[in-house]
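Beneath this line is the structure, given in structure tokens, with notes to follow.
The values are calculated or read from the model by the stated rules, or taken from the named source; none is laboratory data. For clarity, every value in this text was computed on a predicted model and none was experimentally measured. Cβ coordinates were reconstructed from backbone atoms using ideal geometry, including for glycine residues, and neighbour counts include every protein chain displayed.
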Amino acid sequence: MIDVALTIALTCIALAVVLNLYRLLRGPTAPDRILALDTMVINAIALIILFGIREGTTVYFEAALLLAMVGFVGTVAYAKFLLRGDIVE
Amino acid sequence: MAAILDFVIAFLIVLGGAFALIGSWGLARLPALMSRLHGPTKATTLGVGGCLIASMLYFPSHGMSWSAHELLITLFLFITAPISANMIAKACIHGRHVYGDAVAKYEVPLPRPPHPDAEWATFGSTEAAKPE
């Protein structure tokens with residue numbers, strides 16, 4: 001049962017990443033692209049977690065944790081750059 | 001008991017995948033950035049939360065040790081999602097004059113500030129930050 005659920009969820013999230021890619025390429029403004037990248041990172045975290053469940057190991061969780069932190073810092077840095085034209089003042 | 005737990009885990013995994021898809025669908029379909037912010041920041045975060053809770057239940061119930069990683073990731077995502085949404089909304093509000101035609105078609109004007117003498121806090125803060 002869990003295998004079927006994992007297949008469904010992985011398909012859903014793969015589709016979600018494709019939709020994010022569409023928004024990332026389409027734009028039309030820079031904040032849209034930042035938002036699309038941020039969502040893509042969150043979807044990648046979900047993909048890693050589900051892959052970890054499928055493989056039955058917990059080694060992938062470190063990667064997910066790192067991606068969560070780096071994705072947030074990247075989003076804030078991009079938004080800050082748009083706001084102020086500078087990241088570290 | 002194990003069958004019920006398996007059912008709950010499978011349900012949470014499917015729910016998580018569905019919510020992540022709905023959030024990204026909203027990101028692709030909604031007309032303006034301010035409405036597009038709703039999809040990813042609420043639905044997608046909830047979807048990832050569902051997947052993480054499912055994995056938190058899965059590993060102890062299948063003979064592996066429980067780890068705090070999932071809890072850390074969930075907490076971190078739920079704390080940072082509103083902050084990054086706020087930053088993106090601020091970048092959008094302050095950049096309205098820059099993007100011009102690309103957003104003018106869809107964008108609704110900003111609502112009036114709550115007091116006639118006051119400005120929205122995000123505009124006031126940049127003024128206050130300027131050196132005299």
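Condition (residue is under 21 Å from the mean Cα position of the chain (by Cα), modelled with pLDDT under 85, within 10 Å of chain A (Cβ to nearest Cβ) and buried (at least 16 other Cβ atoms within 10 Å of the Cβ)) applied to the range B:71-84: is it met by at least one residue? No: zero hits. The listed residues are B:Gly49, B:Gly17, B:Gly26, and the only one of them that is on the phi < 0 side of the Ramachandran plot, touching a Cys at 6+ places or on another chain (Cβ under 7 Å) and free of Cβ contacts under 8 Å to residues at least 60 places away in the same chain turns out to be B:Gly17. Considering every residue within the range B:32-49, establish whether at least one is more than 7 Å from every other protein chain (Cβ to nearest Cβ) and either outside any helix (DSSP H, G or I) or in contact with a strand residue (DSSP E or B) (Cβ under 8 Å, 6 or more places away or on another chain) (or both). Yes, some residue in the range B:32-49 is more than 7 Å from every other protein chain (Cβ to nearest Cβ) and either outside any helix (DSSP H, G or I) or in contact with a strand residue (DSSP E or B) (Cβ under 8 Å, 6 or more places away or on another chain) (or both). Every condition in (1) of a type in the set (A, V, I, L, M); (2) within 19 Å of A:Leu67 (Cβ to Cβ); (3) facing another protein chain (nearest Cβ under 8 Å) is met by B:Met64 except one, and the failing one is (2). Of note, B:Gly26 does not satisfy the criterion of being at pLDDT 90 or above and closer than 14 Å to A:Ala46 by Cα. Of the residues making up the range A:67-89, those that are exposed (fewer than 13 other Cβ atoms within 10 Å of the Cβ) and assigned to a helix (DSSP H, G or I) are A:Val70, A:Val73. What is the residue count in the range A:1-53 for residues that are more than 19 Å from B:Gly39 (Cβ to Cβ) and either within 11 Å of the chain's Cα centre (by Cα) or not in a helix (DSSP H, G or I) (or both)? So the count comes out to 2. Within the range A:73-88, residues that are of a type in the set (A, V, I, L, M) have Cβ atoms under 9 Å from residues that are surrounded by 15 or more Cβ atoms within 10 Å (Cβ to Cβ) and not in a helix (DSSP H, G or I) in these pairs: A:Leu82/B:Gly95; A:Leu83/B:Gly95, counting only partners at least 6 apart in sequence or on another chain. The residue list B:Leu21, B:Leu75 contains one member that is over 12 Å from A:Ile49 (Cβ atoms), among the aliphatic types (A, V, I, L, M), part of a helix (DSSP H, G or I) and touching a helix residue (DSSP H, G or I) at 6+ places or on another chain (Cβ under 6 Å), which is B:Leu21.
Being part of a helix (DSSP H, G or I) and in contact with a Cys (Cβ under 7 Å, 6 or more places away or on another chain) is not true of B:Ala54.
For the range A:11-39, taking the residues that are more than 8 Å from chain B (Cβ to nearest Cβ) and in contact (Cβ under 8 Å) with a residue 24 or more places away in the chain, the one that is farthest from A:Arg54 (Cα to Cα) is identified as A:Leu37. Taking the range A:33-44 as the range and being surrounded by fewer than 24 Cβ atoms within 10 Å (Cβ to Cβ) and over 17 Å from A:Ala77 (Cβ atoms) as the test, only A:Ala44 passes.
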